[in-house]
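Nothing in this text is a laboratory measurement; each read-out follows from the coordinates by a stated rule. The structure displayed is predicted, hence computed values, not measured ones. No Cβ is skipped: glycine too gets one built from the backbone with ideal geometry, and neighbour counts run over all protein chains shown.
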Amino acid sequence: MAIKITEECINCGACEPECPNTAIYEGGANWKFGDKTYGEADTSPDGNSGFFSNDFFYIVPDKCTECKGFHDEPQCAAVCPVDCCVPDTDRVEDEVTLLARKEKLDQIGR
Amino acid sequence: MEESKQFVKAVDQFNNRDFFSAHDSFEEIWIDCRTYEKEFLQGLVQLSVGMFHLISGNFKGSASQLRKSVEKLEKFHREFAKIDVFYVVSKAKTLIFEREDFQKTDKIKSLQKLTTHFIFSIKYQKENHYGDKDN
C-alpha cells in the first residue's frame, strides 16, 4: 500500500528529500507526474484523489512505491521524528504492483 | 545528553510554551543520538509536537502525538535525564483523556480555555554532579 502523511505532521520537511520517487510535496504545492503538473482539484492518472493537503506535506499515491526497489523500508517513515508517515489502508497494494510502479516511473520519469 | 546546552535549551523552550522550537531542538539531539536514549528523545519531540498541535487547534494530531509520546516515555524510569518523567507522563495522559471528555461534553468551547487549562511544564532538575544548583 502507499504511505500517507497524517495530520500529526509538523512540516519539518525531513521526509521530502529522502523519497527516491519524489512522491512527497509540501502542503499546498502542485505535484508533478511525468511531464505534467497537477493541483489540488486534479484526480491523478491512476484515479486517486483526496491525498492533496494544503496544511501538511503529502504523498502522491501514483508515485509511492514504499521504497520498493530502493530500500528495505519506506525512508519517509524511517526519518520522520513524529512517526506520521504510515501505511494508507485505503490504498492496499502488493509488492508486484509496487515494483511495477517503480518500473513505470523509471520509464516516464519522476 | 541531559547536561548538553541543546537539551537544556529545548526544555526551556518547552517551558516557555515555544513548543515548535522545543520540538526542533529535541529533534536535533534525536537525529544524532545512537544510544537507548534515542527513544526518550523522540518521546520529548512528540510531546512538544503534541502541545504545538494543541495550541494550534489541531486536536486530532495533538492526541495522536501525545499518545505516542506517552508510549515512549513510559518505558523509562520515573526520573530520567534529570526530568520528572512520571509527572510529564501523568500530565500528558490527563490531557489526552480529559480533553476527549471535555470535547464530548462541550465543557470547554474555546481554544484559549482549553490550552490554559492543560499547559504544563517539564520539571527539570538543574543540578550539577555535586548536587549544587546551577545558576
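A few remarks follow.
- Across chain A, Cα pairs under 8 Å and at least six residues apart give a relative contact order of 40 percent.
- Amide H to amide H, with H built 1.01 Å from N, B:Phe80 comes under 5 Å of B:Val85, counting only residues 5 or more places away or on other chains.
- Anisotropy class of segment B:24-73 from Cα gyration tensor, a/c 1.5 cut: oblate
- Put in line by how crowded their Cβ is, counting other Cβ atoms within 10 Å and starting with the fewest, A:Glu8, B:Glu39 read B:Glu39, A:Glu8.
- Calculated mean residue ellipticity, 222 nm, the protein assembly as shown: -14000 deg cm²/dmol, from DSSP H runs (n ≥ 4) at -39500 (n - 2.57) each, averaged per residue and rounded to 500.
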